[in-house]
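> This is the structure I have questions about; it appears just below.
Where a number appears in this text, it was derived from the coordinates with a stated rule and is not lab data. Values in this document were obtained by computation on a predicted structure and should not be read as measured data. Backbone-built Cβ (ideal geometry, glycine too); neighbour counts: all protein chains shown.
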Amino acid sequence: MPKRRKVDNLLALAVLALAVERPMHPYEMATLLRERGKDQSIEIKWGSLYTVVRNLARHGLLEPVETVREGRRPERTVYRATEAGRAEMEDWLRELIGTPEKEYPRFEAALSLLPGLPPDEVRDLLQQRLAALEAAIDRAETTIAEHGAGIPRLFLIESEYYLTLQRAEAEWVRSLLAELADGTFPGLDLWRRFHETGEVPPELTKELEKGEMPPQ
């Protein structure tokens, strides 16, 4: 089970990592996160950045080191990571890297409710998804190839991981589409009959009553 963190959203982890790198003010943190494309890997609500920084400081994970002013711009407080903040960042990273955790992708949620649409429509939608996945894979492969020559792999590793997930999903969707197309998907006739008649076939009811879903 994941540990309970004093500030528990992943933006806080990214902020701590930047502050460990060197002292900086929140505006600079936001700029670097954008420039480094971290918003492609972490769901960032930019309006909450200053709140996250304040909360980290309140819990002793960041501390202010100076206040600076550039021209007519408002004063900006520069923060650095405390020893507790560095320890929190390292412990958090160890947990995320070493401990698998059940996540809840939106696509998985839709698959869990797949009988809500007729199989022919599902097939069309999966073909649409596959086309989008293939286009995204092509773009990602091009981007990694272009940047790989000048950027160490260490700083592209999250893009490489996401590309691997996209390829695996595309391959799985292709196999599912093949089963739907050639009629070998188990229970396809019952699924189709349910949408044609609006009634759950008795055979399908029996299947649902056989037992609980296996744990994931």
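> Rounded to the nearest 10 degrees, what's the angle between the helix 119-148 long axis and the longest principal axis of the chain, both from Cα atoms, 0 to 90?
It works out to around 30 degrees.
> What list do you get for 3, 38 if you sort them by fewest beta carbons within 10 Å? Walk me through the numbers on the way to the answer.
Values: 3 10, 38 17.
By the 10 Å Cβ count, ascending: 3, 38.
> So, one more: What angle, in degrees between 0 and 90 and rounded to the nearest 10, separates the Cα long axis of helix 83-98 from the longest principal axis of the Cα atoms of the chain?
Taking Cα atoms only, the helix is inclined about 20 degrees.
> So, with +1 on the Cβ of K and R and -1 on the Cβ of D and E, and no other charges, what is the size of the charge dipole of the chain about its Cα centre, to the nearest 20 debye? Walk me through the intermediate numbers first.
Working: 30 positive and 38 negative charges, 269 e Å.
For this selection, approximately 1300 debye.
> Amide H to amide H, which residues 5 or more places from residue 62 or on other chains are under 5 Å from it, using H placed in the peptide plane?
57, 82
> Which entry in [x] 135; [y] 188; [z] 198 is this structure's computed volume of the Cα convex hull per residue in Å³?
Label of the calculated value: [y].
> What list of ³J(HN,Hα) couplings, whole Hz, do you get for the stretch 6-12 from phi and the Karplus terms 6.51, -1.76, 1.60, once you set θ to phi - 60° and write x for glycine and proline?
Once rounded to whole Hz, the list reads 5, 10, 10, 8, 5, 4, 4.
> Still on this structure, I have one more. Quick one: grab the alpha carbon gyration tensor of the stretch 10-98, order the square roots of its eigenvalues as a ≥ b ≥ c, and give me rounded if a/c is under 1.5, else prolate or oblate depending on whether a/b is larger than b/c.
Numbers: a/c = 2.09, a/b = 1.34, b/c = 1.56.
Oblate is the answer for the stretch 10-98, as a/c is 1.5 or above yet b/c matches or exceeds a/b.
> Sticking with this structure for a sec: Using only the alpha-carbon atoms, how far is helix 49-58 inclined from the longest principal axis of the chain? Give it as 0 to 90 degrees, nearest 10.
Compared with the principal axis, the helix lies near 60 degrees.
> Would you list, by chain and number, the aspartates and glutamates whose Cα falls below 17 Å from the Cα of residue 3, excluding same-chain residues fewer than 8 positions away?
Excluding near neighbours in sequence, the set is 88, 90, 91, 95, 101, 103.
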